[in-house]
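Reviewing the structure listed below.
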Amino acid sequence: MAFLFYKVLPYFYEDFVRFLTKRLIYLNPSLMKRFSIVLLFLPLHLVAQDTYERDYKRAVSLYKSGDYAMALNGLIPLCSAKYRHGLVPFAQYYYALAAQKTNRLAESRQTLALLKERFPDWPKMDEVRYLEGDLAFQEKQFGQALDVLQDITDAKIKKDAESLKKYYIASVNDLNYLKTLNRQFPTDKVVGLALIDLIQKTSNDKTDLALSDQLTNRFGAAVPVKTSSTKAQNVPNFQKGYYNVSVMLPFRLKEFSTSQRARNNQFAYDMYEGMKWAKAKLQQEGILVNLFGYDVGPQAAEMNDLMGNSTVQQSDLLIGPVYNESAKMAADFAENNQIFFVHPTSLSTDILANHPRTFLFQPSFERQAEQALNFMRSLPKITNRKVAIYYSNTRKDSVLAANYRTKALAANYLVIDFRKTREKLDSTAAIADWNRPGHVVIFGNSESDGTKVMTMMTKRRVVAPILASSSAFNLNNASASALSKEIYLLDTDFIDTSKPQVREFQAQYMAKRNTIPSVFTMQGYDMLLFFGRMLHKFQSQLRVGLDTRTYEEDYLLSSFNYQKSNDNQTVPIWKVTDMRIERVNE
């Protein structure tokens, strides 16, 4: 009996014991006593082995499902030096893979070094060498990559390594560097052929041409090599059954501190968290998405490095970066490689020029001004074509105000006042009882902006509908008299808690994260949920799907309308009615 327990226990100890306990108590209580004594003397390490195997399978399952961050968390304790389980080298290898997938290249490389040190005779060592080579290539350590890849002996992995070398060596455009690699690895055919091709394309030097002839005699003629700048180098394969999404946001990982509560880049973490929730939602719908997060700030070099990353090159969708120069580079990269790109924060259409695969998640300045003016024109109470526009000194408000003025003038409106709210409006404003506007526009970034304009209107006995950005008022502190006025709020980020899907999301998020989801969390959720669904349904014909209709479904903040446009045409306008905020436009 004891021998039987020793053989079975490592595989299903808990279920086995629970089953036998119930059966023995029912059939023979005295036998149960002897069985309990046997259990007391069972080696505890067998229980630990069973637990280790269960945790390992769970972590690997997370990795295979594309949840690399959670896989890392599950694999960390399994890589501890205290374990002697046969699965430890596998755990370390999967940890290195997950670290690579999350762009933690140094951590991946260190894990592989530990694996080689602890388990030098592990049968899967050629796969370790392949991953080491890939990591070295990504970090531009080409010599190191070639060195480790040449030690691979497995025929299948060696063939894959040759393909890997061809891909990365093709991106080398420095002739001297390629000649150095050839001197270090004179028998490497991939390097030799790439050097022949580069000499033929770029050099007329007699020494170089002689070297080219020498290499041709050894390796044969060079085959045309695709470089990283070649258009449509990596055409997305939408038949693979899953979608790779690269998220490039300013996480500023080097500055990250768990003790720091307030971060000016908190939006990046919140947005990415929302995408993770959308990924889980998509998986429930049978849509598999792999999320890859990259730390990209204002430095263009960070984006430039990522364009050589093989994982990024195999993306189906890019989200971010948010800074202008990096975003323009990403738009060019996406266009050249037939990848779709979504800018999560920009309101400017400049980046859309010559980039049909680039989209703005938000409606642009022009779109917001156009839709807002169209709504105000539709109000029956507006009887004249005069408008007064007041705005704060922030760039967003200034640009929005300028666009509104342009749209109004194009619609034959007379702009009778156009000035900043920081001016002394009581003495400078042009509106009056005798020069009454049909409506007033306030683009402000604080409640003082709205209060200042409304006070001026009261003194000048001007009564007119008001269109304002929601940030120009503090609705929580607004007086009843202020709320009773005809004020329409332009707010693309308003969280409408009357929507059942919003309440459900907030409740689930609160239960799991113990905090209320921010608007950026909801933006990240909506963004990935929408474009993930669109990629799955329309794949390379995404543009056709976007032109079909407006998409409302179960999104949290708003609907999506990209019909004949690359910025979202949905511009929500709200109004306080009976102390409740309701949307008043379609």
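The values are calculated or read from the model by the stated rules, or taken from the named source; none is laboratory data. Quick caveat: nothing in here was measured; it's all calculated off a predicted structure. Please note: Cβ atoms are built from the backbone with ideal geometry, for glycine as well, and neighbour counts cover all protein chains shown.
Please pick out the residue among GLU325, GLU335 that is surrounded by fewer than 22 Cβ atoms within 10 Å (Cβ to Cβ), at negative phi, touching a strand residue (DSSP E or B) at 6+ places or on another chain (Cβ under 8 Å) and not assigned by TED's automatic domain parsing to the domain that holds SER171. Steps first, please.
Values: GLU325 fails: touching a strand residue (DSSP E or B) at 6+ places or on another chain (Cβ under 8 Å).
Only one candidate passes the filter, namely GLU335.
Can you list residue pairs whose Cβ atoms sit under 8 Å apart, with the first residue in the range 286-304 being more than 16 Å from ALA331 (Cβ to Cβ) and free of Cβ contacts under 8 Å to residues at least 40 places away in the same chain and the second being among the polar types (S, T, N, Q) and buried (at least 17 other Cβ atoms within 10 Å of the Cβ)? Count only pairs 6 or more apart in sequence or on different chains.
GLN299/SER326
Answer yes or no as to whether GLU586 is part of a loop (DSSP other than H, G, I, E, B), touching a Leu at 6+ places or on another chain (Cβ under 9 Å) and not small (Gly, Ala, Ser).
Working: part of a loop (DSSP other than H, G, I, E, B): yes; touching a Leu at 6+ places or on another chain (Cβ under 9 Å): no; not small (Gly, Ala, Ser): yes.
In short, no.
Any idea which of PHE538, PHE520 is within 19 Å of the chain's Cα centre (by Cα) and among the aromatic types (Phe, Trp, Tyr)? Steps first, answer last, please.
Numbers: PHE538 fails: within 19 Å of the chain's Cα centre (by Cα).
Residue meeting the stated conditions: PHE520.
Give just the number: which of (1) modelled with pLDDT under 90; (2) loosely packed, with under 15 Cβ neighbours inside 10 Å does ASN265 not satisfy?
(2)
I'm trying to understand the selection: among the residues of the range 564-584, which are closer than 21 Å to SER346 by Cα, surrounded by 12 or more Cβ atoms within 10 Å (Cβ to Cβ) and not acidic (Asp, Glu)?
Restricting attention to the range 564-584, the residues satisfying the condition of being closer than 21 Å to SER346 by Cα are 564-573.
Narrowing the set further to residues that are surrounded by 12 or more Cβ atoms within 10 Å (Cβ to Cβ) leaves 565-573.
Listed by number, the residues that qualify are SER565, ASN566, ASN568, GLN569, THR570, VAL571, PRO572, ILE573.
Do the conditions hold for ALA401, that is, is it crowded, with 16+ Cβ neighbours inside 10 Å, of a type in the set (Gly, Ala, Ser) and part of a strand (DSSP E or B)?
Details: crowded, with 16+ Cβ neighbours inside 10 Å: yes; of a type in the set (Gly, Ala, Ser): yes; part of a strand (DSSP E or B): no.
When the stated conditions are applied, ALA401 does not pass them.
For the range 79-88, name all the residues that are part of a helix (DSSP H, G or I) and surrounded by fewer than 21 Cβ atoms within 10 Å (Cβ to Cβ).
Let us first name the residues in the range 79-88 that are part of a helix (DSSP H, G or I), namely 79, 88.
Result: CYS79, single match.
Restricting the search to the range 47-64, which residues are over 30 Å from ASN103 (Cα atoms) and either surrounded by fewer than 16 Cβ atoms within 10 Å (Cβ to Cβ) or modelled with pLDDT of 80 or more (or both)? Outline the logic, then answer.
Quick first cut of the range 47-64, residues over 30 Å from ASN103 (Cα atoms) only: 47-50.
Scanning the range 47-64 gives VAL47, ALA48.
Every residue in the range 397-426 that is polar (S, T, N, Q), within 18 Å of ALA372 (Cα to Cα) and touching a Ser or Thr at 6+ places or on another chain (Cβ under 9 Å), please. Full working, then the answer.
Here is the first cut: in the range 397-426, the ones polar (S, T, N, Q) are 398, 403, 406, 412, 421.
Those still in the list that are within 18 Å of ALA372 (Cα to Cα) too: 398, 403, 406, 412.
Within the range 397-426, SER398, ASN403 qualify.
Report the residue count in the range 508-517 for those that are closer than 17 Å to ALA268 by Cβ and surrounded by 19 or more Cβ atoms within 10 Å (Cβ to Cβ). Write out each step before concluding.
Initial filter on the range 508-517 (closer than 17 Å to ALA268 by Cβ): 513, 515, 517.
Filter once more, so that each one left must be surrounded by 19 or more Cβ atoms within 10 Å (Cβ to Cβ): 517.
Residues in the range 508-517 being closer than 17 Å to ALA268 by Cβ and surrounded by 19 or more Cβ atoms within 10 Å (Cβ to Cβ): 1 in total.
Considering only residues that are farther than 21 Å from SER469 by Cβ, part of a loop (DSSP other than H, G, I, E, B) and modelled with pLDDT under 90, which ones fall in the range 425-449?
Result: ASP433, single match.
Just to check your reading of the model, which residue among ASP305, ASP295 is at pLDDT below 95, more than 14 Å from the chain's Cα centre (by Cα) and not assigned by TED's automatic domain parsing to the domain that holds LYS189?
Numbers: ASP295 fails: more than 14 Å from the chain's Cα centre (by Cα).
Answer to the selection: ASP305.
Take LEU475 and decide whether it is over 21 Å from GLU273 (Cα atoms), surrounded by 12 or more Cβ atoms within 10 Å (Cβ to Cβ), modelled with pLDDT of 90 or more and within 36 Å of the chain's Cα centre (by Cα). Give the steps one after another, and end with the answer.
Details: over 21 Å from GLU273 (Cα atoms): yes; surrounded by 12 or more Cβ atoms within 10 Å (Cβ to Cβ): yes; modelled with pLDDT of 90 or more: no; within 36 Å of the chain's Cα centre (by Cα): yes.
In short, no.
Quick one: how many residues across the range 290-309 are more than 18 Å from GLN100 (Cβ to Cβ) and touching a Lys or Arg at 6+ places or on another chain (Cβ under 8 Å)?
Count: 1.
Test PRO321 against the criterion of being of a type outside the set (Gly, Ala, Ser), in a loop (DSSP other than H, G, I, E, B) and either over 15 Å from ASN103 (Cβ atoms) or more than 16 Å from the chain's Cα centre (by Cα) (or both), and give yes or no.
Considered against the rule, which asks whether it is of a type outside the set (Gly, Ala, Ser), in a loop (DSSP other than H, G, I, E, B) and either over 15 Å from ASN103 (Cβ atoms) or more than 16 Å from the chain's Cα centre (by Cα) (or both), PRO321 comes out as no.
Which of the residues that make up the range 489-526 are under 21 Å from SER346 (Cβ atoms) and in a loop (DSSP other than H, G, I, E, B)? Walk me through how you get there before you give the answer.
In the first step, residues of the range 489-526 are kept if they are under 21 Å from SER346 (Cβ atoms); the result is 490-494, 518-526.
Of everything in the range 489-526, those that are under 21 Å from SER346 (Cβ atoms) and in a loop (DSSP other than H, G, I, E, B) turn out to be ASP491, THR492, ASP493, PHE494, SER518.
Report yes if ASP67 is surrounded by 15 or more Cβ atoms within 10 Å (Cβ to Cβ), in contact with a strand residue (DSSP E or B) (Cβ under 9 Å, 6 or more places away or on another chain) and charged (D, E, K, R), otherwise no. Walk me through how you get there before you give the answer.
Details: surrounded by 15 or more Cβ atoms within 10 Å (Cβ to Cβ): yes; in contact with a strand residue (DSSP E or B) (Cβ under 9 Å, 6 or more places away or on another chain): yes; charged (D, E, K, R): yes.
For ASP67, the condition - surrounded by 15 or more Cβ atoms within 10 Å (Cβ to Cβ), in contact with a strand residue (DSSP E or B) (Cβ under 9 Å, 6 or more places away or on another chain) and charged (D, E, K, R) - is met.
Would you point out the residue of the range 434-456, among those that are farther than 18 Å from LEU489 by Cβ and crowded, with 16+ Cβ neighbours inside 10 Å, that is farthest from the chain's Cα centre (by Cα)? Let's see the steps before the verdict.
Quick first cut of the range 434-456, residues farther than 18 Å from LEU489 by Cβ only: 434-438, 455-456.
Filter again for crowded, with 16+ Cβ neighbours inside 10 Å, leaving 436-438, 456.
Working: ARG436: 48, PRO437: 45, GLY438: 44, MET456: 45 Å.
That would be ARG436.
With the structure loaded, tell me whether LYS276 is touching an Asp or Glu at 6+ places or on another chain (Cβ under 9 Å) and either within 17 Å of PHE520 (Cα to Cα) or in the same structural domain as VAL172 (by TED's automatic domain parsing) (or both) or whether it fails that test.
Values: touching an Asp or Glu at 6+ places or on another chain (Cβ under 9 Å): yes; either within 17 Å of PHE520 (Cα to Cα) or in the same structural domain as VAL172 (by TED's automatic domain parsing) (or both): yes.
Considered against the rule, which asks whether it is touching an Asp or Glu at 6+ places or on another chain (Cβ under 9 Å) and either within 17 Å of PHE520 (Cα to Cα) or in the same structural domain as VAL172 (by TED's automatic domain parsing) (or both), LYS276 comes out as yes.
For the range 82-90, does any single residue satisfy the condition of being of a type in the set (Gly, Ala, Ser) and within 30 Å of ASP50 (Cα to Cα)?
yes
Look at the range 106-147 and say how many of its residues are touching a Leu at 6+ places or on another chain (Cβ under 7 Å) and of a type in the set (S, T, N, Q).
2
Conditions first: (1) modelled with pLDDT of 90 or more; (2) surrounded by 15 or more Cβ atoms within 10 Å (Cβ to Cβ). SER470 passes all but one, so which condition is the exception?
The one condition SER470 does not meet is (1).
Can you tell me which condition LEU288 does not meet? The list is (1) closer than 18 Å to ARG533 by Cα; (2) within 14 Å of the chain's Cα centre (by Cα), and all the others hold.
(2)
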